[in-house]
Amino acid sequence: MWYQKIIQIFKLPDLRNKIIFVLFIFAIFRLMAKIPVPAVNSENLQKFFNQFQIFGLYSIFSGGALEKISIVMLGLGPYITATIILQLLTMIFPSLERLYKEEGEMGRQKFNQYARIATVPLAALQGWAMLSLFAKQGVISNLSGLNLIATISTVTAGSIFLMWLGELISEKGIGNGVSLLIFAGIVADIPTNIGQELSKNDPSLIPSYLLFLLMALIIITGVVFVTEARRNIPVSYAKRVRGMRVYGGVSTYLPLNVNPAGVIPIIFALSILLFPGMIATFLSGVGGGIGEFAKNAAHFFQDPLVHAIFYFILVILFTYFYTMVTFDPKAISQNLQKMGGFVPGIRPGESTANFLKFILNRVLLIGAVFLGTVAISPSIVQGLTHIQSFRFLVGGTSLLIVVSVVLETMRQINAQLEMREYETF
């Protein structure tokens, strides 16, 4: 039973210490998220986030730190951005591609080091841009000179510190540290959401709550199934005789994820979709024809139906784009050929690459439609139930991150428990 596994986890000193260490890091993260930078206007801050929804997405990843303009308001965004940029640069620079894909663990460590170095200027640039925007909108007092430099240095150091905490979790805790910190930021608002709903004290909302819970359960179940879904391609290895020994001659499979792109397409699509509306809102204050056009454009992009249609289409397009960047059928077929592997009934080399591409495109269609549906599901559920809290339970990027982190952490904990069971024999 599940409770017996929890008891077993806390009976093992090593595993118990790892979990306590992760919870301790979470506490540090939440404490830092409550420390604001100086001279914040709370009223203007609330108006700003009501007007620009894209910053609400960024605030989710920072655990609400951006909404409070805390010293860690950038969260892990600069580090994630640096990693994605370097992954895209592997398409341009062959030496970087070899480092990332062909040089094993040492190559990945050096690649991660490049990402850490790139995080510093990205965090400083993003911090300057955010502070300048907040100052123009009256959210914080105008910063200049040493005050601006000190504040930018503070938020940059906060982002780097969070990156270091994530790596500490990966090294001394359990699970992926960066993912766990993002997970902690997403679920941190649960007590606040519960308090908001209990404060309403309206019995007529009970049917809406029941419908919300039912739809959330269905969506979460679907996300778990699709996240775990694989398309297994059979692979056989030819027998090789070396001296008196025979190697190979085994059959295995190559797993293709139904959703290989993860949450990246939703992040890309939402950023692209909200950007025109944000620019139009900025320009709507300008007089003349430009201001009138900007007002009409802002109204167009704020239409719920238009938003949902474009959101769905962009998620599908970015799913194909990002998968093609990160998954190379030709490289996989070459590696199989080098190791003496082949797909039964398919010639090695170019034919295998074309076969993998064909299978990937068919599987990816299901994954892309699934991602698009998950992306727009919060708007659908909230439109039916009129419940604005617990948004991360009914879809979007937050739900995908929460489900992925929980499943991965459970796998690692189960692996730790099974390893100790073998040690008892």
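The values are calculated or read from the model by the stated rules, or taken from the named source; none is laboratory data. These numbers were taken from a predicted model, which means no experiment stands behind them. Every residue, glycine as well, gets a Cβ built from its backbone with ideal geometry; the counts of neighbours run over all protein chains shown.
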When (1) crowded, with 20+ Cβ neighbours inside 10 Å; (2) farther than 22 Å from Ile25 by Cα; (3) small (Gly, Ala, Ser) are applied to Ala129, the one that fails is (1)
Which ones in the stretch 107-148 are within 28 Å of Phe49 (Cβ to Cβ) and of a type in the set (Lys, Arg)?
Lys136
Would you point out which residue out of Gly285, Gly277 is modelled with pLDDT under 75, surrounded by fewer than 13 Cβ atoms within 10 Å (Cβ to Cβ) and either out of contact with any Cys (no Cβ under 7 Å at 6 or more places or on another chain) or not hydrophobic (A, V, I, L, M, F, W, C) (or both)?
Gly285
Based on what the data block shows, is Ile117 β-branched (Val, Ile, Thr) and under 17 Å from Pro36 (Cβ atoms)?
no
Could you please tell me which pairs satisfy a Cβ distance under 8 Å, a separation of 6+ or placement on different chains, a first residue in the stretch 27-50 that is assigned by TED's automatic domain parsing to the domain that holds Ile140, and a second residue that is of a type in the set (Lys, Arg) and not in a helix (DSSP H, G or I)?
Ala33/Lys68; Lys34/Lys68; Pro36/Lys68; Val40/Lys68
Consider only pairs whose beta carbons are under 6 Å apart and that are at least six residues apart or on different chains; among these, list those whose first residue lies in the stretch 75-104 and is at positive phi and whose second residue is at pLDDT below 80 and surrounded by fewer than 19 Cβ atoms within 10 Å (Cβ to Cβ).
none
Residue within the stretch 18-31 that is of a type in the set (Lys, Arg), in a helix (DSSP H, G or I), at pLDDT 80 or above and over 21 Å from the mean Cα position of the chain (by Cα) present:
yes
Total residues in the stretch 179-224, condition under 16 Å from Ala33 (Cα atoms) and in a helix (DSSP H, G or I):
11
For the stretch 174-197, give me the residue count where each residue is among the small types (Gly, Ala, Ser), surrounded by fewer than 21 Cβ atoms within 10 Å (Cβ to Cβ) and over 19 Å from Gln109 (Cβ atoms).
3
